[in-house]
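The structure under discussion appears below in the form of structure tokens.
The values are calculated or read from the model by the stated rules, or taken from the named source; none is laboratory data. Small disclaimer: the values here were computed from a predicted structure and weren't measured. When we count neighbours, we look across all protein chains shown, and the Cβ atoms used for this are built from the backbone with ideal geometry, even at glycine. Ligands, DNA and RNA are excluded from the accessible area calculation, which covers all protein heavy atoms including side chains. Shrake-Rupley method; radii C 1.70, N 1.55, O 1.52, S 1.80 Å.
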Amino acid sequence: MTTAEQPEIQVYDEKTLPDWQRISPIAIVYFIASFIKGLLSNIVVFLPALYFSSDFIMENPTIWFPVIIALISILMIGTFLSFYFFQYRLNDDHIEIRSGVISKKHINLPFARIQNVKLEQPIYYRWFNYTCLQLDTAGSAKQEAKIVALKTDFAEQLKAEILAQHLEQVSSSAKQSDCDETVDQLLNNQSRPAEEIINTRSIPDLIIHGLTNNRIWIFLGGLAPFFDDFSNYIVAFFQNIGIDIQQLLTIADMPVWQITLYALTLTFIFLSIISLFSIAGSIFTFYQYTLSKLEDRYIRRSGLLTKHEVTMRLSRLQMVIRQQDWLDVLLKRINLKFEQINVSVNQNQMNAQNDKIIVPSIKPNECEKLIDDVYPENQMMTITYQRISKRFLLKNLGFILTPLFSVLALLFIISNQLIILTAVLPAYLLLSLLIFMRWYRWGYASDKNYTYIRKGFFGVDYFCFPTYKTQQVQYKQSWFLKRHQLCSINFILAAGMQSVPYINEKIGESLANDTLLKVESTKKSWM
Amino acid sequence: MTIQGTVELENTSQESSEFSNKPLIDEASPSLQHLIYQPLAPIYLKVRRRFTLFSTAAILLVMFICQKQHFFPLPPQILNIISYLILAIGLIGTIRYLYIIIADKKKFFALREQDITYRSGVVFQKTVTQPILRIQHVELKRGPLERKFGLACLQLFSAGGAAHTFEVSGLLLENAESMRQFILDHKTISSN
């Protein structure tokens, strides 16, 4: 839209609207949809009421009609009122939103405070070319503002305007510094944006992603109300094809090989169903995935039904996570996550997933290119990681797991229940292996700009953050650790806590001192 | 009452562009190991000990009265439970009292030009350092007891989240206020 400088000025005039504006009536559809969504996710609360009143309803079938009419009219009036009372206003550098029917809400948000601009286009908006504009602040989740229905063009303009405001602010606050020129350049570039797509994901990639990462919760969230029906249906289905699950599971008088076979078959069926759902979930979220770069902004677009667009400025990036589960390690795929400030702690996982900039199941070379792009001069894959102390093994294996197992084993031997012992032994070995792998993977490193942490079990995750982005440093030492000159270090970042346990206390001290020095001497802002 | 030395708070680094992070009491190298720690206000330790003692005693008294009163005769099982409860609460109260005596003496804080550090813990010692540059806002919290004895609790919020709020309780009000002012006047805050 904003291709030359003249329209830019026009946009500005158009934007300075002193009066309260209503959104398009199409927002009613949005309100209805979100009401139904809310109803479905809270259906557990209503179910007992429905159940107890079902007899009454059955006896008086005529009551259905007025009840349904009443419900629908309440829904209609409610959503219309939500639409009617939803107003927004734009000043030079403020956005104000008034909403709410009974409990009124008034948000006044300076553009400079906006962390993140997100566009969300539900499927029913697509034909009318509308979109939702969501503005996140650095503060609490309560302060989030969402303009429910805007013309896509206008939303794009507004987004550009808000992000441009940032640059102006930066330039005005950094007058004395020499980065003034580059900021001006950025501002000029603003008028002729050239977005560069730096990554896309194809359907096969998404299938791999679905297989390696359990995306089933996307369905579990939506399907929760239908679980009972679903499980009944499965039992009925198996009965139809001649298998009685009820009977299958009465294992008392069956030979062991048969039980094992059944267990294996059931597990296999269960796993394949889960993977299918997971693949579908992955496609729902990441369909037509693109990651593009526009100056200092990274933009993620994806979604099959509801299209999401998340924009992140590079300065907002707190940490990069290179994640590989064990299956990813085998398939040589990586999930790359760009972590921002973690405000959405209480939100459910599904929303959090949509908010994040994640690049699903990419190949190592692509991953390296992306990491180098955001954090130049990083040595995530080349630096030597220092492993944490072997005392970690001693404590977890020697002082916790093995004594516990020995006591249990002794109990079972005394009470002559060797069958249970055969079940506990593999569990013990597996846990030991897990602890060993945990120790084997856990490492840390740092160079002049970044701190690196490596973690994982069979998979391996690499964390990398610019050291100066640390919010707080914690140095921990228990009696046990002190005796062996060991300590633990926690780095508190805006994106969460990262810890390095069981390292030499001298190294820990210097890590803490070094981190503090970098934070305090560079005086760089974390956002 | 002010046995605890008042903290000398001046933004010495106001003009200089060079980095320095000296402790605000004495000269030392900018390393966490050479921090000069200050204990919490002695009156706070005293108030806390007494409060634990009195609150435990009050609960025990209420339960004792419940057990011995004749206005509402209680069934014998409940009386039984109450006597066990009295035993348990008495035990917990004593342990807590002893623990507080030891633990509160292990709580220290240290203020430097660029950061503030709080150390605590008996078995698990924890040293938290909060760079002033990263502080988003400052709060002084004062409950009824703290108001009565001129104490305050200093809370520093960073973007690290509510779970990692830096908190020093048991400061003398004047100390806490001057620390708050020092943080607010810190030149890095305004530009952040």
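Placing pseudo-labels 7 Å out from each Cα toward the beta carbon at A:S525 and B:H34 gives an inter-label distance of 3.5 nm. A Förster distance of 56 Å, applied to the separation of the beta-carbon atoms of B:L184 and A:L39, puts the FRET efficiency at 0.75. Run the Debye formula on the Cα coordinates of the range A:386-527, all scatterers equal and no solvent, and tell me log10 I(q)/I(0) at q = 0.13, 0.17 1/Å. Each listed q corresponds, in turn, to -0.66, -0.94.
Amide H to amide H, with H built 1.01 Å from N, A:Y287 comes under 5 Å of A:G303, A:L304, counting only residues 5 or more places away or on other chains.
Between B:S20 and A:D447, the FRET efficiency estimated from the beta carbon spacing at R0 = 22 angstrom works out to 0.35. Give the relative contact order (percent, whole number) for the range A:384-520; include only Cα pairs under 8 Å separated by 6+ residues. Normalised by residue count, the contact order of the range A:384-520 is 21 percent. From a point 7 Å beyond the Cα of B:S83 in the direction of its Cβ, which residues of the range B:44-72 have a backbone N at a distance under 15 Å? Correct set: B:64-69.
In the context of the full protein assembly, B:D185 retains an accessible surface of approximately 80 Å², using a probe radius of 1.4 Å and ignoring ligands and nucleic acids. A simple rule links phi to the HN-Hα coupling: the Karplus curve 6.51 cos²θ - 1.76 cosθ + 1.60 with θ = phi - 60°, which for the range B:139-145 gives 9, 10, 10, 9, x, x, 5 Hz, with x for Gly and Pro.
Report the FRET efficiency, 1/(1 + (r/R0)^6), for B:Q155 and B:V62, where r is their Cβ-Cβ distance and R0 is 30 Å, rounded to 0.05. It comes out at approximately 0.40. Within the range A:411-527, what whole-number % of the accessible surface is contributed by carbon and sulfur, with the 1.4 Å probe and all protein chains included in the calculation? Carbon with sulfur: 67 percent of the solvent-accessible area.
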